[in-house]
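The values are calculated or read from the model by the stated rules, or taken from the named source; none is laboratory data. Everything numeric here is computed off the predicted structure, so don't read it as measured data. Cβ sites come from the backbone with ideal geometry, for glycine too, and all protein chains shown count toward neighbours.
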Amino acid sequence: MRLLENLNDNQREAVLHTEGPLLILAGAGSGKTRVITHRIAYLIKEKQVPPYGIFAVTFTNKAAGEMRKRIVDLIGPTGEGVFIKTFHSAAVYMLRRYGDRIGVQKSYSIYDQKDQESVIKEILLEMRLDPKHVRPSSLSSKISEIKNRQEMLDGADITALMPRGHAYNFQEIYEQYHSRLEKNNALDFDDLLIKTVELLRHHNDVLETLQGRWHYFMIDEYQDTNYAQYLIGSLLASKSKNLCVVGDDDQSIYSWRGADIRNILNFEKDYSDTRVIVLEENYRSAAPILEAASSVISNNSCRKEKNLKACRGEGERVVWCRASNEYGEAEFVVNSLIRLRRQEGFSSRDFAIFYRTNAQSRVFEDVLRRENVGYRVVGGLRFYDRKEVKDTVAFLKFLANPVDSVALERVINTPPRGIGKATVDKIFDAAYEADISPWEVIEGEIALKGKMPKGLLEFKKIILTLREGLALVPHKKKLSDITGDVLELTGYIRSLEEENSLESRSRLENIDEFINSVYEYEERNPDVGLDQFLQDISLLTSEEDPEARMSEGNNLVTLMTVHNAKGLEFPVVFLTGMEEDIFPHFNSSDTEEGVEEERRLCYVGMTRAMERLFITSAEVRRRYNESVFREPSRFVFEISGAVLDSLEYTSNGYGYSGGPSERRYSSRGASSALNQGDRGTENLVSTLTADEQEERASAEADRKFRLKESVLHPKYGRGIVTRIEGKGDNTKLTICFEMWGNKTFLEKYTPLEKAP
DNA sequence: TTGAGGCTTTCAACA
DNA sequence: AAAGCCTCAA
């Protein structure tokens with residue numbers, strides 16, 4: 001049976017144990033994803049379980065997509081039908097079908113952290129509190145903390161949980177917040193899960209319907225589930241009891257989001273007949289790396305003892321380098337990377353640079369760019385969080401959900417049409433007085449006693465026209481058409497075109513990219529309406545956004561936070577900024593639990609490395625533009641000396657104090673510099689098709705750029721035009737950059753220039 | 001009402 | 001250093 005080949009005994013047992021509760025404690029690099037995908041494939045192929053009868057959740061939509069792909073690789077297109085999602089998108093799925101039972105309308109908006117904060121800020125102003133003293137961000141995290149409490153979900157009295165002794169009344173803010181969200185027909189991320197629990201708990205017919213559909217459940221990264229997720233899993237699986245959870249208590253890193261490690265620790269107590277399988281063979285990391293990581297994590301007191309075995313065998317020792325400042329640190333990283341690429345046959349995509357906080361990426365970006373090394377930053381600002389994209393989405397949100405006042409506030413004066421703060425205040429006050437939505441105030445023109453400002457009338461007309469368009473052909477109107485209408489009618493594109501600055505052109509470029517992503521979405525989901533589209537993109541992470549997908553094929557170094565690194569692996573890892581107050585982070589350092597979670601995070605970072613692991617710190621770092629001396633992280637000193645080499649770095653070169661090994665990788669040498677990823681520009685140009693040659697001849701005269709021409713981009717540097725498609729305003733240029741590979745731009749908006 | 005220019009604050013992680 | 005907030009002239 002092919003499905004059971006290439007599995008070790010424990011993995012095979014996990015695949016074969018299909019009935020009843022199963023707990024898989026999967027150490028780092030122990031082939032967890034392999035087990036999950038094989039298990040699902042086995043259920044379908046050998047146990048004749050229909051694909052739609054399997055419910056699986058993972059951590060990101062991307063991981064879900066990859067898992068589905070691997071299942072399809074194993075058993076063919078049948079595997080497409082498996083329900084694999086994140087908890088949040090599974091919640092959206094259930095709420096879409098049955099939300100009306102608990103008063104959740106189809107058109108609700110999903111509020112992210114920024115939206116939450118702007119709601120809270122409004123409340124504070126209304127309560128005459130200063131948002132500078134009482135920070136909306138800390139209130140929103142406090143609210144979230146309460147909503148993740150067991151008491152809250154079990155319907156107990158939560159007034160005792162409300163913080164007291166502040167100058168403000170927390171409970172009042174808490175209640176106001178929820179009444180506003182309700183008025184706006186909006187749910188935050190926590191609500192998605194909470195409402196789903198409510199649905200499953202109080203509507204037995206719904207629960208039974210779903211239990212009739214799903215008979216087998218798999219939950220990945222179980223150590224990072226919160227109480228609501230725990231309940232959703234338990235409720236759905238309560239009938240069949242075929243619940244398989246996979247996780248590693250040492251990799252629990254989301255307690256700040258409400259994740260409760262007890263979910264995995266108590267699983268055996270919840271289900272008395274649980275079968276427990278421990279996967280301890282690590283197939284990922286060279287022995288010294290695994291030993292280094294194990295020596296760090298062993299300092300945690302609250303954990304299940306385990307004994308990971310390095311199956312990969314010996315390899316290079318871990319290197320710790322303390323540079324004089326953060327630039328020295330980045331130079332060390334980039335120089336090492338270039339050296340490894342040249343001497344040991346690694347390719348750019350083999351490298352990852354990890355850091356604790358997003359802000360640390362900048363210095364690495366500076367140095368990488370200076371040294372002409374292409375990179376991609378994962379996380380940080382999402383594509384959908386860019387101002388221009390958010391504005392466009394806010395228009396769509398407002399069309400779908402007219403009572404969404406957060407979206408309204410965002411777009412009412414976008415682009416500027418003469419509606420200032422005073423007018424907006426009047427509208428919102430009038431809405432509050434009459435207990436109606438701000439839009440109803442505008443529509444009924446009851447804000448200013450007949451004297452509507454010109455811009456407001458204009459706004460009203462735009463929205464009415466757009467809505468008319470929606471209503472006329474409700475079933476045929478395509479998402480891309482709606483988006484096009486919005487950008488057209490609101491004058492958003494026009495105003496950016498008129499601005500015609502470097503910045504506005506880059507914004508137009510992003511809007512164009514957004515339109516492209518709408519087209520793509522529409523092709524993949526032909527029958528999906530505006531509501532669902534908006535809810536879907538609200539749940540996307542940066543790894544899944546269009547920009548990330550664009551750079552996917554290219555051979556680039558990866559930069560990301562350690563949190564984002566969860567579940568991934570790289571041949572060479574640089575774990576940077578290993579200093580007290582950064583890692584462990586200042587805000588976690590004062591409690592033992594806080595430090596232990598940071599230590600687990602460090603463990604996650606270290607165990608991503610397959611062949612080489614570098615750990616770096618700086619002696620001095622600039623913060624708020626002030627130089628501060630830094631202590632090396634305590635975690636560095638916890639690494640077993642037997643596998644660690646210490647290194648000092650000065651700009652002149654390396655000064656070894658620990659005598660690193662001279663061994664080289666003989667196995668990889670051949671694939672080095674001419675690796676397919678290190679594409680030369682010459683090659684690409686010579687592969688032009690006849691069509692393209694012809695295209696070139698016919699349209700060359702009136703074009704700004706020509707094929708093979710050398711161009712300069714403010715971000716990507718020098719490149720060469722390898723493809724020209726489309727005509728007029730739709731002309732698209734594909735440029736092959738020396739360090740970044742191929743990227744496509746709309747000629748009309750791109751900040752490209754002819755190279756001198 | 002707008003937008004430029006000055007002043008203040010910010011750097012924790014994410015669906 | 002850079003983003004965000006506020007003020008004030010037009």
message = Residues that are in contact (Cβ under 8 Å) with a residue 60 or more places away in the chain, at least 2 per element: which helices (runs of 4 or more DSSP H) completely within segment A:348-459 meet that?
response = A:361-370, A:387-400, A:405-411
ask   = Considering segment A:160-177 alone, what residues qualify as being modelled with pLDDT of 90 or more and of a type in the set (Ser, Thr, Tyr)?
value = A:TYR174, A:TYR177
ask   = In segment A:548-594, which residues are within 22 Å of A:GLY247 (Cα to Cα) and free of Cβ contacts under 8 Å to residues at least 12 places away in the same chain?
value = A:GLY594
ask   = For the subset of segment A:446-460 comprising residues that are surrounded by fewer than 16 Cβ atoms within 10 Å (Cβ to Cβ) and over 24 Å from A:TYR492 (Cβ atoms), which member is nearest to DNA strand B (Cβ to nearest atom)?
value = A:LEU448
key: Hey, A:ARG630 modelled with pLDDT under 90, within 16 Å of DNA strand B (Cβ to nearest atom) and more than 28 Å from A:LYS309 (Cα to Cα) or not   = no
key: Failed condition for A:TYR327, given (1) within 14 Å of DNA strand C (Cβ to nearest atom); (2) assigned to a loop (DSSP other than H, G, I, E, B)   = (2)
key: Members of segment A:724-742 that are closer than 19 Å to A:PRO546 by Cβ, buried (at least 18 other Cβ atoms within 10 Å of the Cβ) and out of contact with any Gly (no Cβ under 8 Å at 6 or more places or on another chain)   = A:LEU733
remark   = Residue pairs qualifying under the 7 Å Cβ cut-off, at least six apart or on distinct chains, with the first in segment A:596-621 being over 21 Å from A:ILE338 (Cβ atoms) and the second being assigned to a strand (DSSP E or B) and within 16 Å of DNA strand C (Cβ to nearest atom), are A:GLU619/A:ASN325; A:VAL620/A:ASN325; A:VAL620/A:SER627; A:VAL620/A:VAL628; A:ARG621/A:ASN325; A:ARG621/A:VAL628
ask   = Hey, among the residues in segment A:89-108 that are of a type in the set (D, E, K, R) and assigned to a helix (DSSP H, G or I), which one's farthest from A:LEU539 (Cα to Cα)?
value = A:ARG101
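Each row is one residue, and each column tells you yes or no for (1) in contact with a helix residue (DSSP H, G or I) (Cβ under 8 Å, 6 or more places away or on another chain); (2) buried (at least 18 other Cβ atoms within 10 Å of the Cβ); (3) closer than 17 Å to A:ILE639 by Cα.
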| residue | (1), (2), (3) |
| --- | --- |
| A:ALA293 | yes, yes, yes |
| A:GLU305 | no, no, no |
| A:ARG322 | no, yes, yes |
| A:ASN325 | no, no, no |
| A:ALA330 | yes, yes, no |
| A:SER347 | yes, yes, no |
task = Look at segment A:510-522 and say how many of its residues are at pLDDT below 90 and surrounded by fewer than 17 Cβ atoms within 10 Å (Cβ to Cβ).
result = 2
task = Sort through A:GLY741, A:GLY726, A:GLY719 and tell me the only one that's more than 32 Å from the chain's Cα centre (by Cα) and of a type in the set (Gly, Ala, Ser).
result = A:GLY726
message = Restricting to segment A:241-288, give me the number of residues that are among the aliphatic types (A, V, I, L, M) and either over 27 Å from the mean Cα position of the chain (by Cα) or surrounded by fewer than 20 Cβ atoms within 10 Å (Cβ to Cβ) (or both).
response = 7
request  = Check off (1) over 27 Å from A:GLY155 (Cα atoms); (2) buried (at least 21 other Cβ atoms within 10 Å of the Cβ) for A:ALA228 and give me the number that stays unchecked.
outcome  = (1)
ask   = Can you tell me how many residues in segment A:583-599 are buried (at least 21 other Cβ atoms within 10 Å of the Cβ) and outside any helix (DSSP H, G or I)?
value = 2
key: Sole exception among (1) in contact with a Cys (Cβ under 9 Å, 6 or more places away or on another chain); (2) small (Gly, Ala, Ser); (3) more than 30 Å from A:ARG623 (Cα to Cα) for A:GLY313, by number   = (1)
ask   = Within segment A:568-589, which residues are within 21 Å of the chain's Cα centre (by Cα), modelled with pLDDT of 95 or more and among the aliphatic types (A, V, I, L, M)?
value = A:VAL573, A:LEU575
ask   = Can you name the residue in segment A:140-159 that is assigned to a helix (DSSP H, G or I) and in contact with an Asp or Glu (Cβ under 8 Å, 6 or more places away or on another chain) and, of all such residues, is farthest from A:LYS426 (Cα to Cα)?
value = A:GLU151
Given (1) among the polar types (S, T, N, Q); (2) surrounded by fewer than 17 Cβ atoms within 10 Å (Cβ to Cβ); (3) within 16 Å of DNA strand C (Cβ to nearest atom), number of the condition A:THR423 does not satisfy = (2)
query = Hey, among the residues in segment A:115-136 that are free of Cβ contacts under 8 Å to residues at least 24 places away in the same chain and within 11 Å of DNA strand B (Cβ to nearest atom), which one's surrounded by the most Cβ atoms within 10 Å (Cβ to Cβ)?
reply = A:PRO136
task = Considering every residue within segment A:172-179, establish whether at least one is more than 16 Å from DNA strand B (Cβ to nearest atom), on the phi > 0 side of the Ramachandran plot and not β-branched (Val, Ile, Thr).
result = no
task = Could you tell me whether any residue of segment A:608-622 is within 9 Å of DNA strand B (Cβ to nearest atom), on the phi < 0 side of the Ramachandran plot and out of contact with any strand residue (DSSP E or B) (no Cβ under 9 Å at 6 or more places or on another chain)?
result = no
query = How about segment A:7-88: which strands (runs of 3 or more DSSP E) wholly inside it have at least 1 residues that are within 16 Å of DNA strand B (Cβ to nearest atom), on the phi < 0 side of the Ramachandran plot and buried (at least 22 other Cβ atoms within 10 Å of the Cβ)?
reply = A:54-58, A:83-86
